[in-house]
Amino acid sequence: MTSEHLDELRALLGSDGVLDSRAARFTYEADALVLEKHLPDVVVLPRSTDEVSAVVRWARARNLPVTPRGAGTGLAGGATPERGGIVLSVNRMDQLLRLDAERMFAWVQPGLVNLQLSRELSAHGLYYAPDPASQQVSTVGGNVATNAGGPHCLKYGVTMNHVLGLVAVLADGAVVTLGGEAPDAPDFDLASFVVGSEGTLAIATEICVRVLPRPAAVRTMLFDFATVEESCRAVSAVIAAGIIPAAMEIMDQHTVTLVESWLHIGLALDAGAVLLIEADGPAVSIDRQAERIAAIARAQGARSTRLAKDDQERAAIWKGRKSAFGAYGRSASGFYIMDGVVPRTRLAEALAAVYRLCAERGLEAGNVFHAGDGNLHPHVLFDADDPRQQAAALDVSHEILRMCIRMGGTISGEHGVGIEKRPMMRELFAPQDLAAMARARHAFDPEERLNPGKILPGEGESDPGPAQLGGMRVRPDVEGAWI
Amino acid sequence: MSRALPSMLDAERTVDPAGYALGGRAPRMALKPGSADEAALALEAATRDHAAVIAWGAGTRIARDRVPERYDIALDLSGLDRILEYNPEDFTLTAECGATLATLRQTLAARGQELPLESPQAARATLGGTLAANASGPRRLRFGAPRDRILGARIALADGTRIKSGGKVVKNVAGYALHRLLCGARGRWGLFLEASLKLAPGAESRVALLYSIGAGEIADAERWRFLPRLEPAFVTVLGAQAAQELPLQAGLIPPFAMVIGLEDDAAWVAEQERIIAEHLGLPIARLEGEAQAALVQKLTDAELHLSPRVSFTSAHNNPAILAPLISTEGAGQFVHHVLAGRLHWYPRASGTMPAEGSALFAAFGFTVIESVGVRYEPAEPAEGAILALRARIGEALDPIGTLQVPGR
């Protein structure tokens with residue numbers, strides 16, 4: 001990056017839209033996958049679709065890659081500028097542009113923080129349903145990139161189910177509108193193809209999201225079980241009864257112990273597992289649904305039932321769940337968080353395998369997971385100063401994902417493939433599958449300029465994964481976690 | 001045309017091409033493979049021979065009035081009709097693309113589960129056709145679009161290569177979602193061989209409320225404002241002529257009928273009925289259970305019941321938006337799935353609609369999705385960059401142009 005280049009960028013974006021100091025660039029060298037660090041040449045902060053388009057065209061003329069970035073909470077290295085070049089942060093595009101409360105949609109900028117969107121909607125009795133645990137920090141644009149889920153996606157679906165349309169900048173700088181406010185578009189659905197493409201096909205600069213009426217009533221319950229297996233069976237039994245609660249989350253004993261010793265919210269330390277079930281819906285039905293759920297949980301062995309009696313208690317219960325990540329961060333010098341999916345009915349089996357695989361390698365592991373949709377998040381703990389433990393943790397992470405594949409699941413439920421899971425793509429997909437995906441990607445970005453190298457393994461790529469595992473960077477100032 | 005094609009497939013797999021005529025022109029050959037292997041072989045041979053293929057399910061939605069630019073082979077995939085995996089506890093189902101919606105529904109009904117897809121003529125409409133056409137019905141808002149329900153698919157590319165996209169679990173962000181790209185692609189770029197779907201629980205209570213609506217009432221936006229927030233399963237408004245197709249006519253006074261569908265737990269459905277009665281008065285008729293389900297299918301079927309037809313999509317969710325348009329043309333002939341944002345309009349005569357027609361609809365926020373038996377050009381052409389992008393995708397996935405689509 002020459003000083004001439006920087007001047008050109010400042011002419012496009014204003015001098016405060018261009019960061020080239022080493023300190024600034026270090027801030028953007030990684031997302032939450034801290035073990036993969038690559039310095040960008042420059043960081044830009046556009047304020048509009050036109051500015052994003054101008055940057056992309058500028059980058060194209062100088063053959064530079066562009067890595068889009070929201071809040072950088074991603075756990076797979078999706079926002080890491082692996083090949084240097086430009087990091088394009090959308091943090092200055094953080095507004096709710098237009099709300100149509102009657103027709104229940106909103107146009108937002110990609111840098112708008114997920115929870116902030118819901119806050120701004122609440123005065124209208126509306127909210128934005130996808131609630132990744134990172135939602136206090138993560139942005140709607142970042143959520144679009146990873147097709148983010150969260151605990152409530154069990155009932156309400158993932159980000160893709162709530163994106164009606166996008167204004168996006170393509171790799172050549174062209175601005176296109178994909179989808180729109182109407183439920184359907186004529187012909188092809190390019191918007192839903194871009195959602196989940198981790199910034200490799202287009203940069204969304206305006207997003208039209210569906211918003212929903214806030215549920216009239218909510219009941220949050222906590223059950224403790226002697227074993228994880230029983231808690232998984234309870235989850236299956238609830239679903240088998242035809243009940244789809246808003247959320248079903250399980251924490252195992254290891255996690256509960258860490259969380260309780262930190263937050264003291266009254267979790268049972270001798271529980272094999274704690275199951276959080278939240279039901280929401282019309283006031284007239286909610287108590288019956290909650291009673292049915294509690295009866296099923298008891299029939300499956302729940303030793304105690306705690307029903308939140310007010311908003312504070314509800315918040316405390318959720319804080320317990322969402323603090324798992326932070327609790328792990330306090331306990332070990334290194335931990336590696338994973339994101340795999342198995343069919344829900346095989347969850348107990350998958351967890352048993354996770355514990356066994358870790359024990360075989362002398363590693364401790366805890367589990368927190370979205371039990372309702374089979375999305376598990378094993379936390380593998382290791383001593384960051386011990387390279388053998390690091391290697392073992394890396395090795396077990398691949399074995400766990402292989403197990404997910406064998407069970408008919410997948411290697412990423414919501415974090416994305418990014419850099420981290422790229423090698424595993426060859427185990428999940430056949431060469432012709434990856435080739436077809438590569439051709440489709442190439443159609444969007446023939447010069448491989450947008451977030452190059454992510455998702456699809458390169459030709460002849462054989463690296464087994466991230467170079468090394470260090471301690472995970474935890475942000476204790478932020479309540480909540482991104483799992 | 002190479003002679004190799006028929007020899008690759010059993011003689012039974014070649015069928016009479018006359019039944020697959022489009023625009024009065026039959027293809028040279030029609031094939032009905034019995035397996036994914038055979039389908040892939042057929043495509044491979046077609047690509048090698050530079051033959052143009054149009055894929056068929058049951059043909060319930062194919063516009064037969066248009067002559068395709070190129071059409072050598074009809075590839076009928078309705079023979080691939082097996083249910084491959086049904087996991088009721090996981091709420092997932094994997095089936096071959098030729099399975100009919102009715103067959104799938106029947107399988108799920110035994111476990112009290114719902115197939116969250118709707119298409120006219122469900123007894124014949126195939127899974128693959130429904131996905132490829134992005135078909136929907138009155139409950140589009142409740143279920144989502146087909147792309148909201150598809151978890152993954154096995155797909156045959158134009159050259160016969162078989163690929164997998166997505167998976168069979170309800171959360172999956174690994175790789176590019178080619179299975180979603182093909183929803184609505186109508187057979188371009190790739191063909192569904194099998195698809196995995198996310199299912200829905202059946203509702204405890206299903207009710208349909210039928211109202212007669214006068215011209216003044218339909219135009220009264222305030223009257224309907226409460227409805228979307230109540231989140232019914234569907235709200236459908238019909239012109240009187242379309243309404244006559246309904247099984248109920250007792251007390252139905254023109255010009256319009258409205259059907260409000262409620263599908264939920266019994267207590268909430270009862271509460272919704274009460275609230276609706278407060279706003280709208282009592283319905284002239286009420287159906288529940290199986291009778292309601294039959295009516296929902298009729299409302300879905302209504303899309304195709306007349307030709308010519310123009311179908312629109314819209315972000316509007318208030319029936320009053322239609323009022324100014326109804327007075328201009330075809331007042332008796334329309335079906336408006338209000339919450340689904342879908343309007344089916346039946347102009348009285350074939351021929352090209354005046355350009356002002358589509359502009360008029362566009363000004364009210366209705367965008368053309370499809371026209372049958374009449375040429376109805378969209379008010380705004382697609383953006384140049386989008387057309388270029390689509391062309392590049394086509395070059396990437398089907399460079400020879402084997403897979404053609406029926407005109408629209």
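Observations
- The single condition among (1) under 25 Å from the mean Cα position of the chain (by Cα); (2) more than 21 Å from A:Val167 (Cα to Cα) that A:Gly125 does not satisfy is (1).
- The sole residue among B:Ala215, B:Ala266, B:Ala242 that is among the hydrophobic types (A, V, I, L, M, F, W, C), in contact with a strand residue (DSSP E or B) (Cβ under 6 Å, 6 or more places away or on another chain), surrounded by fewer than 21 Cβ atoms within 10 Å (Cβ to Cβ) and not assigned by TED's automatic domain parsing to the domain that holds B:Asp37 is B:Ala266.
- Screening B:Arg186 on (1) on the phi > 0 side of the Ramachandran plot; (2) free of Cβ contacts under 8 Å to residues at least 60 places away in the same chain shows it passes everything except condition (2).
- Some residue of the stretch A:268-283 being closer than 28 Å to B:Ala270 by Cα and without any contact (Cβ under 8 Å) to a residue 24 or more places away in the chain: no
- Taking the stretch A:122-150 as the range and being in contact with a strand residue (DSSP E or B) (Cβ under 8 Å, 6 or more places away or on another chain) and surrounded by fewer than 24 Cβ atoms within 10 Å (Cβ to Cβ) as the test, the residues that pass are A:His124, A:Gly125, A:Leu126, A:Tyr127, A:Ala129, A:Gln136, A:Val137.
- Residue within the stretch A:92-102 that is in contact (Cβ under 8 Å) with a residue 40 or more places away in the chain, touching a helix residue (DSSP H, G or I) at 6+ places or on another chain (Cβ under 7 Å) and within 12 Å of chain B (Cβ to nearest Cβ) present: no
- Residue in the stretch A:49-63 that is acidic (Asp, Glu), surrounded by 18 or more Cβ atoms within 10 Å (Cβ to Cβ) and farther than 27 Å from A:Ser412 by Cβ present: yes
- Of the helices (runs of 4 or more DSSP H) entirely within the stretch A:151-247, those holding at least 1 residues that are within 26 Å of A:Asp280 (Cβ to Cβ) and more than 7 Å from chain B (Cβ to nearest Cβ) occupy A:153-156, A:228-240.
- Filter result for A:Asp131 (closer than 29 Å to B:Asn318 by Cα, outside any helix (DSSP H, G or I), away from every other protein chain (no Cβ under 12 Å) and out of contact with any Leu (no Cβ under 7 Å at 6 or more places or on another chain)): yes
- For A:Leu166, the test of being crowded, with 23+ Cβ neighbours inside 10 Å, in contact with a Leu (Cβ under 7 Å, 6 or more places away or on another chain) and touching a residue at least 24 places away in the same chain (Cβ under 8 Å) is passed.
- Note on the stretch A:402-430: among residues that are within 10 Å of another protein chain (Cβ to nearest Cβ) and either assigned to a helix (DSSP H, G or I) or charged (D, E, K, R) (or both), the one that is farthest from B:Thr94 (Cα to Cα) is A:Lys421.
- If the condition is being more than 20 Å from the chain's Cα centre (by Cα), assigned to a loop (DSSP other than H, G, I, E, B) and within 29 Å of B:Pro406 (Cα to Cα), then the stretch B:80-111 contributes only B:Arg82.
- Only one of the numbered conditions (1) farther than 18 Å from A:Leu347 by Cα; (2) over 27 Å from the mean Cα position of the chain (by Cα); (3) surrounded by 24 or more Cβ atoms within 10 Å (Cβ to Cβ) is violated by A:Phe225, and that is (1).
- Across the stretch A:376-385, not a single residue is classified as in a helix (DSSP H, G or I) and of a type outside the set (Lys, Arg).
- Selection from the stretch B:79-128 of residues that are more than 13 Å from B:Ile150 (Cα to Cα), small (Gly, Ala, Ser) and either more than 14 Å from chain A (Cβ to nearest Cβ) or surrounded by 18 or more Cβ atoms within 10 Å (Cβ to Cβ) (or both): B:Gly79, B:Gly98, B:Ala99, B:Ala102, B:Ser119, B:Ala122, B:Ala123, B:Ala125
- Residue within the stretch A:347-366 that is more than 14 Å from chain B (Cβ to nearest Cβ), buried (at least 24 other Cβ atoms within 10 Å of the Cβ), under 20 Å from A:Ser134 (Cα atoms) and in contact with a His (Cβ under 9 Å, 6 or more places away or on another chain) present: yes
- In the set A:Ala316, A:Ala294, only one residue is in a helix (DSSP H, G or I), modelled with pLDDT under 95 and more than 14 Å from chain B (Cβ to nearest Cβ); that residue is A:Ala316.
- Annotation note: Cβ proximity below 6 Å between a residue of the stretch B:219-233 that is within 14 Å of chain A (Cβ to nearest Cβ) and a residue that is in a loop (DSSP other than H, G, I, E, B) and surrounded by fewer than 22 Cβ atoms within 10 Å (Cβ to Cβ) (sequence gap 6+ or interchain) occurs for B:Ala221/B:Asn318; B:Trp224/B:Asn318.
Matching residues to (1) out of contact with any Gly (no Cβ under 9 Å at 6 or more places or on another chain); (2) modelled with pLDDT of 90 or more; (3) crowded, with 19+ Cβ neighbours inside 10 Å:
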{"position": "A:Ala371", "(1), (2), (3)": "yes, yes, yes"}
{"position": "A:Asp383", "(1), (2), (3)": "no, no, no"}
{"position": "A:Val396", "(1), (2), (3)": "yes, yes, yes"}
{"position": "A:Gly413", "(1), (2), (3)": "no, yes, yes"}
{"position": "A:Trp482", "(1), (2), (3)": "no, no, yes"}
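- Scoring B:Gly98 on the criteria (1) assigned by TED's automatic domain parsing to the domain that holds B:His179; (2) at pLDDT below 95 leaves a single failure, condition (2).
- A:Val194 of a type in the set (Val, Ile, Thr) and over 21 Å from A:Glu414 (Cβ atoms): no
- Taking residues in the stretch B:355-381 that are over 16 Å from B:Ile62 (Cα atoms), and partners anywhere that are acidic (Asp, Glu) and crowded, with 17+ Cβ neighbours inside 10 Å, the pairs with Cβ atoms closer than 9 Å and at least 6 places apart or on different chains are B:Gly365/A:Glu181; B:Thr367/A:Asp184; B:Tyr376/B:Glu370.
- Strands (runs of 3 or more DSSP E) wholly inside the stretch A:27-92 that include at least 1 residues being touching a Pro at 6+ places or on another chain (Cβ under 7 Å) and within 16 Å of A:Ala171 (Cα to Cα): A:66-69, A:86-89
- Criterion (within 30 Å of A:Ala216 (Cα to Cα), touching a His at 6+ places or on another chain (Cβ under 7 Å) and in a strand (DSSP E or B)) met by exactly one of B:Val207, B:Val237: B:Val237
- Restricting the stretch A:271-291 to residues that are over 30 Å from the mean Cα position of the chain (by Cα) and either at pLDDT below 95 or surrounded by fewer than 17 Cβ atoms within 10 Å (Cβ to Cβ) (or both), the residue that is nearest to the other protein chains (Cβ to nearest Cβ): A:Arg288
- Qualifying residue in the stretch B:56-76 (condition: over 30 Å from B:Gly401 (Cβ atoms) and either more than 14 Å from the chain's Cα centre (by Cα) or modelled with pLDDT of 95 or more (or both)): no
The values are calculated or read from the model by the stated rules, or taken from the named source; none is laboratory data. Just so it is clear, the structure is predicted and the values come from calculations on it, not from any experiment. In this analysis, Cβ positions are derived from the backbone assuming ideal geometry, glycine residues included, and neighbour counts consider all displayed protein chains.
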